[in-house]
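Here's the structure we're looking at; comments come further down.
The values are calculated or read from the model by the stated rules, or taken from the named source; none is laboratory data. From a predicted model like this one, the values you see are computed outputs, not experimental measurements. Because the Cβ atoms are built from the backbone with ideal geometry, glycine has one as well, and the counts that use them run over all protein chains shown.
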Amino acid sequence: MAKQKSRFKAVIENQNYTIISNENPKHMKMVTELVNDQLKEIKKMSAGLDSEQAAILLAINTVSDQLKKQEELLKLEKENKALQERADEAAELKNRIQRIEKVEQEAKKALKKQGNNNIRVNNHVQAQQILNEKRKQSIQQKVTQS
(Lines give C-alpha, C1' and ligand atoms only; values in the text may rest on other atoms or scores of the structure.)
Protein backbone atom coordinates (compact mmCIF):
# COMPACT_ATOMS: atom_id res chain seq x y z
CA MET A 1 0.00 0.00 0.00
CA ALA A 2 1.41 3.40 -1.02
CA LYS A 3 2.03 5.98 1.66
CA GLN A 4 -0.35 8.90 1.65
CA LYS A 5 1.19 12.26 0.87
CA SER A 6 0.97 14.85 3.59
CA ARG A 7 1.93 18.46 4.03
CA PHE A 8 4.69 19.45 6.38
CA LYS A 9 5.50 23.01 7.41
CA ALA A 10 9.23 23.60 7.66
CA VAL A 11 11.33 26.61 8.59
CA ILE A 12 14.69 26.65 6.82
CA GLU A 13 16.99 29.63 7.23
CA ASN A 14 14.09 31.61 8.74
CA GLN A 15 12.01 30.97 5.59
CA ASN A 16 8.71 29.09 5.75
CA TYR A 17 8.18 26.16 3.39
CA THR A 18 5.34 23.72 2.91
CA ILE A 19 6.73 20.36 1.89
CA ILE A 20 4.50 17.68 0.40
CA SER A 21 5.94 14.27 1.14
CA ASN A 22 5.17 10.58 1.65
CA GLU A 23 7.36 10.61 4.75
CA ASN A 24 6.04 10.94 8.26
CA PRO A 25 6.33 14.26 10.17
CA LYS A 26 9.07 12.90 12.47
CA HIS A 27 11.25 12.11 9.45
CA MET A 28 10.60 15.49 7.86
CA LYS A 29 11.44 17.26 11.14
CA MET A 30 14.78 15.43 11.25
CA VAL A 31 15.46 16.38 7.60
CA THR A 32 14.65 20.02 8.30
CA GLU A 33 16.91 20.10 11.35
CA LEU A 34 19.75 18.49 9.41
CA VAL A 35 19.38 20.96 6.52
CA ASN A 36 19.45 23.91 8.94
CA ASP A 37 22.48 22.48 10.76
CA GLN A 38 24.38 21.89 7.53
CA LEU A 39 23.53 25.33 6.15
CA LYS A 40 24.82 26.94 9.38
CA GLU A 41 28.02 24.86 9.12
CA ILE A 42 28.56 25.89 5.47
CA LYS A 43 28.00 29.57 6.29
CA LYS A 44 30.32 29.32 9.28
CA MET A 45 33.09 27.84 7.11
CA SER A 46 32.60 30.43 4.34
CA ALA A 47 31.38 33.62 6.01
CA GLY A 48 30.88 35.53 2.74
CA LEU A 49 28.22 33.18 1.34
CA ASP A 50 24.61 34.23 1.11
CA SER A 51 21.75 31.78 1.75
CA GLU A 52 21.37 30.84 -1.91
CA GLN A 53 25.07 30.04 -2.34
CA ALA A 54 25.05 28.02 0.88
CA ALA A 55 21.96 26.13 -0.34
CA ILE A 56 23.69 25.33 -3.65
CA LEU A 57 26.77 24.05 -1.84
CA LEU A 58 24.53 21.97 0.44
CA ALA A 59 22.77 20.55 -2.63
CA ILE A 60 26.14 19.68 -4.22
CA ASN A 61 27.32 18.00 -1.01
CA THR A 62 24.04 16.09 -0.73
CA VAL A 63 24.16 14.83 -4.33
CA SER A 64 27.81 13.87 -3.88
CA ASP A 65 26.94 11.89 -0.74
CA GLN A 66 24.01 10.28 -2.56
CA LEU A 67 26.27 9.17 -5.43
CA LYS A 68 28.76 7.70 -2.96
CA LYS A 69 25.95 5.81 -1.21
CA GLN A 70 24.63 4.52 -4.54
CA GLU A 71 28.11 3.29 -5.47
CA GLU A 72 28.41 1.63 -2.06
CA LEU A 73 24.98 0.05 -2.49
CA LEU A 74 25.93 -1.32 -5.92
CA LYS A 75 29.15 -2.71 -4.48
CA LEU A 76 27.25 -4.35 -1.61
CA GLU A 77 24.67 -5.78 -4.01
CA LYS A 78 27.49 -7.24 -6.11
CA GLU A 79 29.12 -8.73 -3.00
CA ASN A 80 25.75 -10.09 -1.88
CA LYS A 81 25.23 -11.73 -5.27
CA ALA A 82 28.70 -13.30 -5.11
CA LEU A 83 28.01 -14.57 -1.58
CA GLN A 84 24.67 -15.99 -2.71
CA GLU A 85 26.40 -17.79 -5.58
CA ARG A 86 28.94 -19.21 -3.14
CA ALA A 87 26.13 -20.31 -0.84
CA ASP A 88 24.41 -22.02 -3.78
CA GLU A 89 27.67 -23.76 -4.69
CA ALA A 90 28.11 -24.86 -1.07
CA ALA A 91 24.58 -26.27 -1.04
CA GLU A 92 25.30 -28.17 -4.26
CA LEU A 93 28.52 -29.56 -2.77
CA LYS A 94 26.60 -30.61 0.34
CA ASN A 95 24.06 -32.43 -1.85
CA ARG A 96 26.87 -34.17 -3.72
CA ILE A 97 28.49 -35.27 -0.48
CA GLN A 98 25.17 -36.65 0.74
CA ARG A 99 24.73 -38.61 -2.51
CA ILE A 100 28.29 -39.96 -2.23
CA GLU A 101 27.69 -40.98 1.39
CA LYS A 102 24.48 -42.72 0.33
CA VAL A 103 26.35 -44.67 -2.39
CA GLU A 104 29.03 -45.63 0.13
CA GLN A 105 26.38 -46.80 2.62
CA GLU A 106 24.66 -48.87 -0.07
CA ALA A 107 28.00 -50.43 -1.00
CA LYS A 108 28.72 -51.31 2.64
CA LYS A 109 25.26 -52.91 2.95
CA ALA A 110 25.83 -54.88 -0.24
CA LEU A 111 29.20 -56.13 1.03
CA LYS A 112 27.69 -57.05 4.38
CA LYS A 113 24.84 -58.90 2.66
CA GLN A 114 27.42 -60.87 0.64
CA GLY A 115 29.33 -61.67 3.81
CA ASN A 116 32.33 -59.52 2.87
CA ASN A 117 32.61 -57.58 6.13
CA ASN A 118 36.40 -57.46 5.89
CA ILE A 119 36.41 -55.35 2.69
CA ARG A 120 36.54 -51.63 3.38
CA VAL A 121 34.98 -48.96 1.21
CA ASN A 122 37.72 -46.33 0.89
CA ASN A 123 36.17 -43.88 -1.56
CA HIS A 124 33.08 -43.22 -3.63
CA VAL A 125 34.61 -44.66 -6.82
CA GLN A 126 35.20 -47.97 -5.09
CA ALA A 127 31.68 -47.82 -3.61
CA GLN A 128 30.20 -47.24 -7.06
CA GLN A 129 32.23 -50.16 -8.47
CA ILE A 130 30.89 -52.43 -5.73
CA LEU A 131 27.31 -51.39 -6.49
CA ASN A 132 27.87 -51.80 -10.24
CA GLU A 133 29.19 -55.33 -9.64
CA LYS A 134 26.16 -56.11 -7.46
CA ARG A 135 23.80 -54.88 -10.19
CA LYS A 136 25.73 -56.84 -12.81
CA GLN A 137 25.36 -60.02 -10.75
CA SER A 138 21.66 -59.32 -10.25
CA ILE A 139 21.15 -58.92 -13.99
CA GLN A 140 23.11 -62.12 -14.71
CA GLN A 141 20.94 -64.01 -12.22
CA LYS A 142 17.77 -62.77 -13.91
CA VAL A 143 19.12 -63.75 -17.34
CA THR A 144 20.11 -67.20 -16.04
CA GLN A 145 16.66 -67.70 -14.49
CA SER A 146 14.85 -66.79 -17.69
task: Check region 49-59 and report whether any residue there is modelled with pLDDT under 95, assigned to a loop (DSSP other than H, G, I, E, B) and hydrophobic (A, V, I, L, M, F, W, C).
output: yes
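Per-residue answers, yes or no, for (1) closer than 17 Å to K134 by Cβ; (2) touching a helix residue (DSSP H, G or I) at 6+ places or on another chain (Cβ under 9 Å); (3) surrounded by 10 or more Cβ atoms within 10 Å (Cβ to Cβ):
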residue	(1), (2), (3)
E77	no, no, yes
K81	no, no, yes
R86	no, no, yes
I97	no, no, yes
E101	no, yes, yes
Q105	yes, yes, yes
K109	yes, no, yes
K112	yes, no, yes
G115	yes, no, no
task: Considering every residue within region 52-67, establish whether at least one is in contact with a Lys or Arg (Cβ under 6 Å, 6 or more places away or on another chain) and among the aliphatic types (A, V, I, L, M).
output: yes
- request: Considering only residues that are of a type in the set (D, E, K, R) and closer than 17 Å to T62 by Cα, look in region 14-47 and name the one that is surrounded by the fewest Cβ atoms within 10 Å (Cβ to Cβ).
  value: D37
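Count, please, the residues in region 96-120 that happen to be of a type in the set (G, A, S) and in a loop (DSSP other than H, G, I, E, B). If you could, list the steps in order and put the result at the bottom.
Step one: list which residues in region 96-120 are of a type in the set (G, A, S), which gives 107, 110, 115.
Still in the list and also in a loop (DSSP other than H, G, I, E, B): 115.
Going through region 96-120 one residue at a time, the tally reaches 1.
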